[in-house]
Amino acid sequence: MPHLMVRGITPDQMCSISKSVVEELAAICECGTDNFLIECLHTTAVFDGKLAASYPFIEVAWFERGVETRDRAAKAIAKHVLALGIEEVEIAFRTYREDSYYVNGECCFDSKD
């Protein structure tokens, strides 16, 4: 965690920036680089009855880290993607609740509320 799900950017393009973007995000999030997962989703966009290029869109699924960290992460992701020559990218954050996250059927977090 965090998990970046990428659409509209080729796997080759993401490979070329994956190391640098993950290193920067790890510093921002104050965690190891091994906490990150990037997946390039293969999508087919349709517009006006024809196949169209998928719009560059990155969804970041993570545990909330606050507005400042989220803003810094979005700027870092955008900087690396725009450096590829892509003109525009949208980034959205999906926040998981710690008490609702399970691995192998076991909750990963203490629920000492």
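Rounded to the nearest 20 debye, the dipole size of the chain about its Cα centre is 260 debye, using +1 on the Cβ of Lys and Arg and -1 on the Cβ of Asp and Glu.
Just round it to a whole percent: the fraction of Cα-Cα distances in the chain exceeding 20 Å. Of all Cα-Cα pairs in the chain, 45 percent lie more than 20 Å apart.
Our coupling estimate for segment 92-97, obtained by passing each phi through the Karplus curve with A = 6.51, B = -1.76, C = 1.60 and θ = phi - 60°, is 10, 10, 10, 9, 8, 8 Hz, Gly and Pro reported as x.
Restricting the GluC sites (Glu not before Pro) of segment 9-55 to loop positions (DSSP other than H, G, I, E, B) with no more than 10 neighbouring Cβ atoms within 10 Å leaves Glu30.
Antiparallel beta bridges, as assigned by DSSP with both residues in the chain, represent about 50 percent of the total such bridges. For the chain, the longest principal axis of the alpha carbon atoms and the long axis of helix 11-29 meet at an angle near 30°.
Counting only alpha carbon atoms, the long axis of helix 67-82 and the longest principal axis of the chain meet at about 30°.
Near Tyr96, the amide H atoms lying under 5 Å from its own belong to Trp62, Phe63, Glu64; only residues 5 or more places off or on other chains count, and H is placed 1.01 Å from N. Packing here is the average count of other Cβ atoms within 10 Å per residue, and on that basis the peptides 71-81, 88-98, highest first, run 71-81, 88-98.
Rule-based calculations on the coordinates, nothing more; no lab input. As the structure is a prediction and not an experimental result, all values here were calculated from the model. Every residue, glycine as well, gets a Cβ built from its backbone with ideal geometry; the counts of neighbours run over all protein chains shown.
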